[in-house]
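Undergrad: Okay, here's the structure, questions in a sec.
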Amino acid sequence: MVRGWPPITEPELLQRLALDDAAFRAQGPRMASIWGSRELQPADLERALGYPWERPASSYVLRGDDVEQLDEMDPDARARTVGGFIESRYPLLAYGGNGAPTWLQTKFAHFDDPADRSALVLAGELHDVDVGVAAVVSPFGYMPATLFASPGTAVRASIVWTTERQATQLTWSEVPYRLVRLDEARFVSSEAGAEVEQIFAFLHRVGCFCPEGSPVALAAVPAVNRTATALSEHQLLDIAATLMLTEGSTAEDLVRAVFHDASHIATRAMETILLSAQHLEGGWTPFPTAAGRSPT
């Protein structure tokens, strides 16, 4: 099933999407500076190390604060629910935090229309790519997920079927990502008996973390026929801490340093781990405005 581009029209957001990656990365330290110095709380550390957070193993429907598992519906109700959501919504791939109900609830809570606070989150397998982390540490202390090529791999992911407002909101919230259409990756959901092609996704602008010259997979995201080394967020932060701070530094040291001075850590990322980062080459098309065209 193929959809046209989400109709994003807000000028400031379009301007951000139109930046090339080099221009965007150059703004990283300045953007990080808005966070100032913060005191790291135990809950902050737990959240950073626990990325990409708890997500249902199967498909679900989010309605405000309520979450209903798709596999707990009878077949007729499940078919009606899936059909109702996908008929006029936009398929945005979720492979990190956006697959978590609590994260979607937070991002959609301000909408007045109940339809904009609801979503079908369809779980399945995304073929020929894998999920790693970006070569950067977010202001919240975790290394956020991104995609890298992995022929033959089928990684567990979800599609969030979004309204126009939800698609715009998610694009606003994914500041360091560019919105793209995946032209070659294939998504299959056995639960809904559906195959979705040319879905939309967010790719991180700095590329994938490659501590030993090749991308490392995020172990919390299951995959079949995975060829890359898989590590936990904690392990990845431990490696990044040694590269960005000093030998023997730990994940906690790095998270604490981000909370103390996110701008400095953004600069250190540009000087160290970003230098060997790898992008997903080919198989995707940027949002048309980013290429100087009007979305169609």
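The values are calculated or read from the model by the stated rules, or taken from the named source; none is laboratory data. Here the structure is a predicted model, which is why all the values come from computation and not from measurement. Positions of Cβ are generated from backbone atoms using ideal geometry, with glycine treated the same way; all protein chains shown enter the neighbour counts.
Undergrad: Output the residues belonging to segment 153-193 that are crowded, with 18+ Cβ neighbours inside 10 Å and either free of Cβ contacts under 8 Å to residues at least 24 places away in the same chain or of a type in the set (A, V, I, L, M) (or both).
TA: Scanning segment 153-193 gives Ala154, Val155, Ala157, Ile159, Val160, Ala167, Leu170, Leu179, Val180, Leu182, Ala185, Ala192.
Undergrad: Now a separate question. Looking at (1) under 30 Å from Asp253 (Cβ atoms); (2) part of a helix (DSSP H, G or I), which one does Asp116 not meet, given that it meets all the others?
TA: (1)
Undergrad: Would you check if there is a residue in segment 286-294 being more than 26 Å from Thr168 (Cβ to Cβ) and either part of a strand (DSSP E or B) or among the small types (Gly, Ala, Ser) (or both)?
TA: No: segment 286-294 contains no residue that is more than 26 Å from Thr168 (Cβ to Cβ) and either part of a strand (DSSP E or B) or among the small types (Gly, Ala, Ser) (or both).
Undergrad: Scan segment 244-255 for residues that are in a helix (DSSP H, G or I) and over 11 Å from Val137 (Cβ atoms) and jot them down.
TA: Glu252, Asp253
Undergrad: Moving on. Which residues, taken from segment 197-238, are under 24 Å from Asp253 (Cβ atoms) and among the polar types (S, T, N, Q)?
TA: Listed by number, the residues that qualify are Thr229, Ser232, Gln235.
Undergrad: Tally time: how many residues in segment 186-209 are assigned to a loop (DSSP other than H, G, I, E, B), in contact with a helix residue (DSSP H, G or I) (Cβ under 8 Å, 6 or more places away or on another chain) and more than 14 Å from Val137 (Cα to Cα)?
TA: Step one: filter segment 186-209 for residues assigned to a loop (DSSP other than H, G, I, E, B), giving 190-193, 198-199, 205-207, 209.
Next, from what is left, pick out any that are in contact with a helix residue (DSSP H, G or I) (Cβ under 8 Å, 6 or more places away or on another chain): 191-192, 205-207, 209.
If we keep only those that are more than 14 Å from Val137 (Cα to Cα) as well, we get 191-192.
Result for segment 186-209: 2.
Undergrad: Also, I was wondering about something else. Counting only residues that are at pLDDT 95 or above and among the charged types (D, E, K, R), which one in segment 212-249 is farthest from Ile273 (Cα to Cα)?
TA: The extreme case among them is Arg226.
A quick yes/no check of all residues on (1) over 20 Å from Leu179 (Cβ atoms); (2) buried (at least 22 other Cβ atoms within 10 Å of the Cβ); (3) modelled with pLDDT under 95; (4) not aliphatic (A, V, I, L, M):
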{"residue": "Asp74", "(1), (2), (3), (4)": "yes, no, yes, yes"}
{"residue": "Ala79", "(1), (2), (3), (4)": "yes, no, yes, no"}
{"residue": "Tyr95", "(1), (2), (3), (4)": "no, yes, yes, yes"}
{"residue": "Val131", "(1), (2), (3), (4)": "no, yes, no, no"}
{"residue": "Val137", "(1), (2), (3), (4)": "yes, yes, no, no"}
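Undergrad: For Arg226, state whether it is touching a strand residue (DSSP E or B) at 6+ places or on another chain (Cβ under 7 Å) and either outside any helix (DSSP H, G or I) or more than 30 Å from Gln198 (Cα to Cα) (or both).
TA: On the way: touching a strand residue (DSSP E or B) at 6+ places or on another chain (Cβ under 7 Å): yes; either outside any helix (DSSP H, G or I) or more than 30 Å from Gln198 (Cα to Cα) (or both): yes.
So Arg226 fits the description; yes.
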